[in-house]
1. Limited to region 108-135, what total is found for residues that are closer than 17 Å to K84 by Cα and within 29 Å of the chain's Cα centre (by Cα)?
2. Would you confirm whether any residue within region 11-26 is modelled with pLDDT under 85, in a loop (DSSP other than H, G, I, E, B) and either in contact with a strand residue (DSSP E or B) (Cβ under 6 Å, 6 or more places away or on another chain) or among the basic types (K, R) (or both)?
3. As an exercise: evaluate T101 against (1) exposed (fewer than 15 other Cβ atoms within 10 Å of the Cβ); (2) modelled with pLDDT of 95 or more; (3) of a type in the set (S, T, N, Q) and give the number of the one condition it does not meet.
4. So which residues in region 52-80 are surrounded by 11 or more Cβ atoms within 10 Å (Cβ to Cβ) and over 30 Å from I122 (Cβ atoms)?
5. Suppose the filter is under 30 Å from G95 (Cα atoms) and acidic (D, E); does E34 pass it?
6. Return yes or no: is H79 farther than 22 Å from D128 by Cα and without any contact (Cβ under 8 Å) to a residue 60 or more places away in the chain?
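The values are calculated or read from the model by the stated rules, or taken from the named source; none is laboratory data. Please read all numbers here as calculations on a predicted model, not as lab measurements. Cβ placement follows ideal geometry from the backbone for every residue including glycine, while neighbour counts extend to all protein chains displayed.
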Amino acid sequence: MISESGGQIGIFPVHEAMRMAQDLELDLVEVAPEARPPVCRILDFGKYKYEQKKKTRGVKKGHPTRLKELRLHPKTEQHDLDVKCTQARNFLAEGDKVQFTVIFRGRELARQDLGTALLAKIAEMLHDAAKVERTPLMEGKRMHMIVARK
C-alpha cells in the first residue's frame, strides 16, 4: 500500500487498508491489480480525476492550424521566390499550412504551364520542410497548391 504522500506503507489486508483510508477521509484506489500482491494507494480520487482531465486538456491546447496564402505571378523572379519560400518556412514552423496561389493576368492565361512549373519549383525548394498536400489546381484565373509540414 502507498500513502497519500507517495511513501510505501507496507502490506495490509483489504479491510484494514479500507479502514486506514476512511480514517484519513480519502479513497483507496487499486493502481496495479496485476502485481502480487496488488498495489493500492490512498488518495482523493476526485482530485486525481480532475488532475488527469486537466493534463489531457493541456495537451490538446496549442497552435490551431491555419491556412496562410502566398500570392505569386507566372513571371515572379528567383529572389522573390526565395523570400516567399522563407515566409512559407516560417509559417510551416508555426504549424500552419501554406497555400501558394499563382494569379494569371490577361494573355498569361494561355501559359498555364509557367504556373505549373513555378509551383513545382517551389515544391522542390521546400521539399525538406514540407510535403505537397494538394497538387496544383487551376480555378478560374488562379492556380493553387497547398503544402503542409512534414
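1. Final tally of qualifying residues: 14.
2. Residues of region 11-26 that are modelled with pLDDT under 85, as a first pass: none.
Among the residues of region 11-26, not one is modelled with pLDDT under 85, in a loop (DSSP other than H, G, I, E, B) and either in contact with a strand residue (DSSP E or B) (Cβ under 6 Å, 6 or more places away or on another chain) or among the basic types (K, R) (or both), which makes the answer no.
3. (1)
4. Scanning region 52-80 gives no hits.
5. On the way: under 30 Å from G95 (Cα atoms): no; acidic (D, E): yes.
For E34, the condition - under 30 Å from G95 (Cα atoms) and acidic (D, E) - is not met.
6. Details: farther than 22 Å from D128 by Cα: no; without any contact (Cβ under 8 Å) to a residue 60 or more places away in the chain: yes.
Here the answer is no, as H79 does not meet what is asked.
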